[in-house]
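J.: This is the structure I have questions about; it appears just below.
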Ligand SMILES: [Zn+2]
């Protein structure tokens with residue numbers, strides 16, 4: 001129900017009801033609606049300029065979360081790169097030095113790095129592109145390091161075989177060092193009666209004492225000869241060969257594989273020999289070399305000097 005409004009009329013000295021025509025009422029209504037609309041639009045514009053849309057707020061939160069996770073990812077990439085650098089350093093400066101191999105140069109280590117740059121260019125977001133590039137570089141460095149470790153492994157296997165094959169012990173048991181009769185060099189031959197090169201060492205030992213292969217290898221000859229009697233030749237590979245003469249008997253055959261320390265025969269007095277002994281030779285690339293330098297697994301420096309002193313006492317070989 002409409003409330004009636006009154007206005008004071010000074011002429012009649014009365015309050016008289018205010019009569020509003022429909023036209024005025026319509027105008028007032030329109031004015032009210034117009035002001036309300038303008039205020040509404042202004043408020044909306046102000047709100048939009050001041051505060052982000054709800055979707056944008058969510059998006060911002062997601063982006064912040066992604067950046068935080070990205071930061072963690074970058075740190076992990078950095079840590080992985082540092083660990084790989086330490087591995088590369090060890091490879092170049094420890095493992096390769098021990099195995100007498102040249103370190104990889106930087107150009108080898110960087111081979112293949114950058115090959116995927118075109119792919120990475122297609123990635124729009126710099127953060128993603130940089131991470132992609134870093135991962136690619138790490139992957140290439142890892143590939144190179146894996147190849148390098150394979151080379152180290154192959155070289156280690158080769159060296160192990162070489163070290164096992166190299167003559168490195170005395171061919172008879174000689175703990176008190178007294179069994180070396182004479183040394184390598186010019187010696188008086190006990191039967192021929194003149195001085196000639198003695199191409200090995202003579203070890204005295206009772207007949208039947210075991211004779212050991214001084215390194216891993218393959219028997220190349222096991223037979224009788226007039227000069228060396230029952231003799232065995234061992235091919236150790238890597239240019240080395242050892243020869244054992246005057247055996248009472250040998251217990252190996254040509255083609256047989258032997259290990260360092262394996263018994264191949266027994267001390268005897270066969271061939272051109274004047275007493276039970278072992279004549280022992282070492283050859284490198286077909287040339288006789290002094291076997292005294294190949295007892296490093298058996299002797300320390302003091303024992304080595306003592307052995308030479310004992311071996312120098314006799315100028316006559318047993319041949
Ligand atoms: Zn000899």
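J.: Does segment 141-162 contain any residue that is without any contact (Cβ under 8 Å) to a residue 12 or more places away in the chain and under 30 Å from residue 201 (Cα atoms)? Walk me through how you get there before you give the answer.
T.: Step one: filter segment 141-162 for residues without any contact (Cβ under 8 Å) to a residue 12 or more places away in the chain, giving 146-147, 150, 153-154, 157-158, 160.
Restricting the remaining residues to those that are under 30 Å from residue 201 (Cα atoms) gives 158, 160.
The answer is yes, given that some residue of segment 141-162 is without any contact (Cβ under 8 Å) to a residue 12 or more places away in the chain and under 30 Å from residue 201 (Cα atoms).
J.: Restricting attention to segment 291-307, which residues are in a helix (DSSP H, G or I), closer than 28 Å to residue 270 by Cβ and away from the ligand (no atom under 15 Å from the Cβ)? First the steps, then the outcome.
T.: Of all residues in segment 291-307, those in a helix (DSSP H, G or I) come to 291-294, 301-307.
Those still in the list that are closer than 28 Å to residue 270 by Cβ too: 291-294, 307.
Residues satisfying the conditions are 293, 294, 307.
J.: Right, next: Whether any residue in segment 248-266 is out of contact with any helix residue (DSSP H, G or I) (no Cβ under 8 Å at 6 or more places or on another chain) and closer than 14 Å to residue 202 by Cβ is what I want to check.
T.: No.
J.: Report the residue count in segment 15-54 for those that are more than 60 Å from the chain's Cα centre (by Cα) and surrounded by 10 or more Cβ atoms within 10 Å (Cβ to Cβ).
T.: Total meeting the criteria: 27.
J.: Hey, another quick one. Can you confirm whether residue 258 is under 15 Å from residue 212 (Cβ atoms), under 36 Å from the mean Cα position of the chain (by Cα), within 16 Å of the ligand (Cβ to nearest atom) and at pLDDT 95 or above?
T.: Values: under 15 Å from residue 212 (Cβ atoms): yes; under 36 Å from the mean Cα position of the chain (by Cα): yes; within 16 Å of the ligand (Cβ to nearest atom): no; at pLDDT 95 or above: yes.
Considered against the rule, which asks whether it is under 15 Å from residue 212 (Cβ atoms), under 36 Å from the mean Cα position of the chain (by Cα), within 16 Å of the ligand (Cβ to nearest atom) and at pLDDT 95 or above, residue 258 comes out as no.
J.: Look through 239, 265 and report the one residue that is under 27 Å from residue 314 (Cβ atoms) and either under 39 Å from the mean Cα position of the chain (by Cα) or away from the ligand (no atom under 13 Å from the Cβ) (or both).
T.: Details: 239 fails: under 27 Å from residue 314 (Cβ atoms).
Every option except 265 fails the conditions.
J.: Exactly one of these conditions fails for residue 273: (1) surrounded by 17 or more Cβ atoms within 10 Å (Cβ to Cβ); (2) part of a loop (DSSP other than H, G, I, E, B); (3) under 35 Å from the mean Cα position of the chain (by Cα). Give me its number.
T.: (3) is the only condition that residue 273 fails.
J.: Checking the conditions here, which among 218, 214, 248 is in contact (Cβ under 8 Å) with a residue 40 or more places away in the chain, in a loop (DSSP other than H, G, I, E, B) and either in contact with a strand residue (DSSP E or B) (Cβ under 8 Å, 6 or more places away or on another chain) or away from the ligand (no atom under 16 Å from the Cβ) (or both)?
T.: Details: 218 fails: in a loop (DSSP other than H, G, I, E, B); 248 fails: in a loop (DSSP other than H, G, I, E, B).
Of 218, 214, 248, the one residue that is in contact (Cβ under 8 Å) with a residue 40 or more places away in the chain, in a loop (DSSP other than H, G, I, E, B) and either in contact with a strand residue (DSSP E or B) (Cβ under 8 Å, 6 or more places away or on another chain) or away from the ligand (no atom under 16 Å from the Cβ) (or both) is 214.
J.: Got a sec? Which strands (runs of 3 or more DSSP E) wholly within segment 88-207 have at least 2 residues that are within 16 Å of the ligand (Cβ to nearest atom) and more than 30 Å from residue 228 (Cβ to Cβ)?
T.: Numbers: elements: 180-182, 185-188, 195-198, 201-204.
Filter on segment 88-207 gives an empty set.
The values are calculated or read from the model by the stated rules, or taken from the named source; none is laboratory data. Computed from a predicted structure; not experimentally measured. No Cβ is skipped: glycine too gets one built from the backbone with ideal geometry, and neighbour counts run over all protein chains shown.
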